[in-house]
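So the structure is just underneath, and the comments pick up after that.
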Amino acid sequence: MKRFFQSVERDQSFKKMTIKPPNDAAAGAAAAAPEPPVDGDDAWREPSKFMSWNANSLLLRLKKNREELMGLVQRLDPDIIAIQEVRIPAAGRKGEPKNQGDIKDDTNVAREDKQIVTRAFSALPLSNYRVWWSLSENKYGGTALLVKKRFNPVSITFSLDAGTNKHETDGRVVLAEFQSFSLLNTYVPNNGWKDDEQGFQRRQKWDQRMLDFVSRSSKKPLIWCGDLNVSHEEIDVSHPQFFQNARLPGYMPPNSEDLGQPGFTAAERQRFSKLLKLGDLVDSYRWLHKEQEFDCGFTWSGHPVGK
């Protein structure tokens, strides 16, 4: 989240983001807001309440936890819902180019699954939202962005790269631009345990592309949310020493800064610090919560110390 935003209390337990108008040179990158239209506040309102969720299979949640999910959305009533790991395959036959913006429906099983999703999004409260999909070519990964229908994004794109609307591999990005801010929903690739194309190298390339993205000049504040796959500070994990020294049995990384639990290696944390600094970004949760609170978060590993 960029520094142009300020968090304020709402309904005691939830936070609402509001735009703080720039009042000095440091905030001068924010463009002057145009005059509101004459047909009232509803036509001018921007999204101000956001929900981000790694669903670990949205399809499975709709099959097994539909009532709980609908109740949660009804209760929180967010303007935008950013979802990661939807785990719904993209449309397209085997061996052919996939349509990552649509759900697979070319088999009996796929048609049944798509019908489950379609029915859920045709019923309240999800019917209040428009949905943009960025799906993986197989049943893995994928992201979705739900925006209340009364809000009209200026644009929706699906890549970190400027000048293209091609979907990221595994459907890892949905980027929405509004009049006064941009929102980036990402499912960041896991660092892995090894220095190979699916491990350290893939994450290094992603982090460099993300650095290029936040470094590009923009006149609008940015909200970056999603599964960022990093625990930035020691306060963000339950047992720092264990996670710093964790490694794959029988394998030692060539560089010492790559040692540790994926998501908590020194190399990842250093790159994330650089991202925050050059992007003028603030970890909104840690800005609001200065102390370690195990009841408000967790860390996981295959070891008993994971919480």
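The values are calculated or read from the model by the stated rules, or taken from the named source; none is laboratory data. All figures in this text were calculated on a predicted structure; none of them were measured in a lab. Heads up, the Cβs are rebuilt from the backbone with ideal geometry, glycines too, and the neighbour counts pull from every protein chain shown. When the accessible area is computed, the model is the full protein with side chains, heavy atoms only, and any ligands, DNA or RNA have been set aside. Shrake-Rupley method; radii C 1.70, N 1.55, O 1.52, S 1.80 Å.
Only a single item in (1) of a type outside the set (S, T, N, Q); (2) surrounded by 14 or more Cβ atoms within 10 Å (Cβ to Cβ); (3) out of contact with any Leu (no Cβ under 7 Å at 6 or more places or on another chain) is not met by Asp212, and it is number (2).
How many residues does region 235-275 hold that are under 19 Å from Lys205 (Cβ atoms) and out of contact with any strand residue (DSSP E or B) (no Cβ under 8 Å at 6 or more places or on another chain)? Full working, then the answer.
Going residue by residue through region 235-275, those that are under 19 Å from Lys205 (Cβ atoms) are 253-255, 257-258, 262-263, 265-275.
Right, trim to out of contact with any strand residue (DSSP E or B) (no Cβ under 8 Å at 6 or more places or on another chain) and you get 253-255, 257-258, 262-263, 265-274.
Total satisfying the criteria: 17.
Taking the conditions (1) assigned to a strand (DSSP E or B); (2) at pLDDT 95 or above; (3) more than 18 Å from the chain's Cα centre (by Cα) in turn, Ile83 satisfies each one other than (3). Tell me which of these Asp236 doesn't satisfy, since it passes every other one: (1) surrounded by fewer than 18 Cβ atoms within 10 Å (Cβ to Cβ); (2) touching a residue at least 12 places away in the same chain (Cβ under 8 Å). Going through (1) surrounded by fewer than 18 Cβ atoms within 10 Å (Cβ to Cβ); (2) touching a residue at least 12 places away in the same chain (Cβ under 8 Å) one by one, Asp236 breaks only (1). Just need a number here: residues in region 49-65 that are over 24 Å from Trp224 (Cα atoms) and open to solvent by 60 Å² or more (accessible area, probe 1.4 Å). Residues flagged as over 24 Å from Trp224 (Cα atoms) and open to solvent by 60 Å² or more (accessible area, probe 1.4 Å) within region 49-65 amount to 3. Taking the conditions exactly as written (free of Cβ contacts under 8 Å to residues at least 12 places away in the same chain, out of contact with any Pro (no Cβ under 9 Å at 6 or more places or on another chain) and among the polar types (S, T, N, Q)), does Asn108 satisfy them or not? So Asn108 passes the test.
Just so you know, in region 239-273 the residues that are under 20 Å from Arg172 (Cβ atoms) and charged (D, E, K, R) include one that is least open to solvent (accessible area, probe 1.4 Å), and it is Glu268. The number of residues in region 145-181 that are of a type in the set (A, V, I, L, M) and in contact (Cβ under 8 Å) with a residue 40 or more places away in the chain comes to 7.
Screening region 72-105 for residues that are among the charged types (D, E, K, R) and free of Cβ contacts under 8 Å to residues at least 12 places away in the same chain and picking the one that is nearest to Asn185 (Cα to Cα) gives Arg75. Within region 52-71, residues that are farther than 12 Å from Ile88 by Cα reach partners that are in a helix (DSSP H, G or I) and β-branched (Val, Ile, Thr) with beta carbons closer than 9 Å, at six or more positions or on different chains, in the pairs Lys63/Ile116; Arg66/Ile116.
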